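Okay, so here's the structure we're looking at.
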Amino acid sequence: MAIEIHPLEQFTVERLIPLHIGKLDISYTNSALLMTLAVGLITALTVFGTRKAALVPGRWQSVAEMSYEFVADMIDTNAGHGAREFLPFVFTLFMFILFSNLLGLVPYSFTVTSHIIVTFALAAVVFVGVTIIGFVRHGAHFLRLFVPAGVPAVLLVLLVPIELLSYFIRPFTLSIRLFANMLAGHTMLAIFGGFAASVGFFAIIPLGVDVLLVGLELLVAALQAYVFAILTCLYLRDALHLH
Amino acid sequence: MSEGGPPDPVADPLARLGERLDRARAKRGGEGAAGPDDAAGQGDGQQGAGLGLRIGVEFVVAVVVATGLGWALDRWLGTRPWGTIVLFFLGVAAGMLSVYRAIAGIKMAVGYRRLDGPAGRKPAKDAWDEDEE
């Protein structure tokens, strides 16, 4: 009964179409394939869903409109007024993470967001973008973000570094949260799948656990996309509405 | 077909839909007029779950990243072990601050930054919060 279980094998990036420019490896990988798929599906949903633009929406139009309204609502309540111009960015971010997470749950596919380099790239875009927006909107005044109001000067020596640190930690928390959740969830699924493969008749128990876990993972997939988007909104709010 | 009646219900599918919607709403309203409250409760639950997932990572990452930064600074400047020590404590403080802010922000609906209002440290600075709602 020696069935080998490799719960981490699912995260291997494989070159599907090897491509090299000089020493640069730009091969088209399974990760890139899943990203392309996610972008393609989102584009299809939003383009074909709204093509007819009926006053009484059909199923696909409903889905497209609901996701749009969901993100628009999120921005209005969390980023304050004047943040609507960032709707395309937050919407893209939310849909990309959501679709990547959900596509990763399809058996034999690959979870793009389980790689920290991907989530960190997304978080870094948010972080750099928000910082630039802050400086463009407020100039050097943006630095007041790091100076808490109404604090004696002596404490500022201590508080400003803490504020700075908690600001620069944002891209890390943002990326690690998403990455860790996806990695842990998918590893767990694979481990219980491995149990099921190795215990013969009693496989029904780990299999049942796996079924429940898939449900949980669906929730996590949606929730993590939501958390990522809502935190982007909150950071935008800090940059737009300086205290 | 019918003449004179306001919008013809057969020829105008929108009017028909409007009627059906009205009927459905009336029915739901009769069963318990807690429509909006329900929605609000759901929103809270969703936000709560999101928040729970959020703050778990917040503290750990703050400490780990800050300590790592201190360690790197030590290597660079040759000040071992002071950078690591100082930045470890700063990281703990920053982590606590992040968690506190995430928690303090729950009831503010929009909030994340600061809960200055009730403490009244510098109300003038936060006039923006007041004119928001």
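The values are calculated or read from the model by the stated rules, or taken from the named source; none is laboratory data. A quick note: this is a predicted structure, and the numbers were derived from the prediction, not measured. Backbone-built Cβ (ideal geometry, glycine too); neighbour counts: all protein chains shown.
Hey, among A:128, A:160, A:118, which residue is more than 14 Å from every other protein chain (Cβ to nearest Cβ), under 20 Å from residue A:171 (Cα atoms), surrounded by fewer than 17 Cβ atoms within 10 Å (Cβ to Cβ) and touching a helix residue (DSSP H, G or I) at 6+ places or on another chain (Cβ under 9 Å)? Even if it seems obvious, please write down each step before you answer.
Numbers: A:160 fails: more than 14 Å from every other protein chain (Cβ to nearest Cβ); A:118 fails: surrounded by fewer than 17 Cβ atoms within 10 Å (Cβ to Cβ).
Among A:128, A:160, A:118, only A:128 is more than 14 Å from every other protein chain (Cβ to nearest Cβ), under 20 Å from residue A:171 (Cα atoms), surrounded by fewer than 17 Cβ atoms within 10 Å (Cβ to Cβ) and touching a helix residue (DSSP H, G or I) at 6+ places or on another chain (Cβ under 9 Å).
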Subset of the range A:204-242 that is more than 22 Å from residue B:52 (Cβ to Cβ) and surrounded by fewer than 15 Cβ atoms within 10 Å (Cβ to Cβ) - its residue that is farthest from the other protein chains (Cβ to nearest Cβ): A:204
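In this structure, is residue A:97 out of contact with any strand residue (DSSP E or B) (no Cβ under 6 Å at 6 or more places or on another chain), of a type in the set (A, V, I, L, M, F, W, C) and without any contact (Cβ under 8 Å) to a residue 60 or more places away in the chain? Steps first, please.
On the way: out of contact with any strand residue (DSSP E or B) (no Cβ under 6 Å at 6 or more places or on another chain): yes; of a type in the set (A, V, I, L, M, F, W, C): yes; without any contact (Cβ under 8 Å) to a residue 60 or more places away in the chain: no.
Considered against the rule, which asks whether it is out of contact with any strand residue (DSSP E or B) (no Cβ under 6 Å at 6 or more places or on another chain), of a type in the set (A, V, I, L, M, F, W, C) and without any contact (Cβ under 8 Å) to a residue 60 or more places away in the chain, residue A:97 comes out as no.
Matching residues to (1) away from chain A (no Cβ under 12 Å); (2) at pLDDT 95 or above; (3) within 18 Å of the chain's Cα centre (by Cα); (4) not in a helix (DSSP H, G or I):
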{"residue": "B:66", "(1), (2), (3), (4)": "no, no, no, no"}
{"residue": "B:69", "(1), (2), (3), (4)": "no, no, no, no"}
{"residue": "B:74", "(1), (2), (3), (4)": "yes, no, no, no"}
{"residue": "B:87", "(1), (2), (3), (4)": "no, no, no, no"}
{"residue": "B:95", "(1), (2), (3), (4)": "no, no, no, no"}
{"residue": "B:99", "(1), (2), (3), (4)": "no, no, yes, no"}
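This table checks each residue for (1) more than 21 Å from residue A:113 (Cα to Cα); (2) within 13 Å of chain B (Cβ to nearest Cβ); (3) among the basic types (Lys, Arg).
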residue: A:69; (1), (2), (3): yes, no, no
residue: A:72; (1), (2), (3): yes, no, no
residue: A:83; (1), (2), (3): yes, yes, no
residue: A:94; (1), (2), (3): no, yes, no
residue: A:97; (1), (2), (3): no, no, no
The one condition in (1) at the interface with chain A (Cβ under 10 Å from one of its Cβ atoms); (2) modelled with pLDDT under 50; (3) in a helix (DSSP H, G or I) that residue B:112 fails to fulfil: (3)
Any hit, the range A:185-192, residues being surrounded by fewer than 18 Cβ atoms within 10 Å (Cβ to Cβ), within 11 Å of chain B (Cβ to nearest Cβ) and at pLDDT 90 or above: no
Given (1) in contact with a strand residue (DSSP E or B) (Cβ under 9 Å, 6 or more places away or on another chain); (2) among the acidic types (Asp, Glu); (3) surrounded by 13 or more Cβ atoms within 10 Å (Cβ to Cβ), index of the condition residue A:25 fails: (3)
Residues within the range A:99-111 that are buried (at least 21 other Cβ atoms within 10 Å of the Cβ) and either modelled with pLDDT under 95 or more than 14 Å from chain B (Cβ to nearest Cβ) (or both), tallied: 5
Lone unmet requirement of (1) away from chain B (no Cβ under 14 Å); (2) surrounded by fewer than 18 Cβ atoms within 10 Å (Cβ to Cβ); (3) under 18 Å from the mean Cα position of the chain (by Cα) for residue A:45: (3)
Failed condition for residue A:13, given (1) at pLDDT 95 or above; (2) in contact with a Ser or Thr (Cβ under 6 Å, 6 or more places away or on another chain): (1)
Selection within the range A:52-67 - surrounded by 10 or more Cβ atoms within 10 Å (Cβ to Cβ) and part of a helix (DSSP H, G or I): A:60, A:61, A:62, A:63, A:64, A:65, A:66, A:67
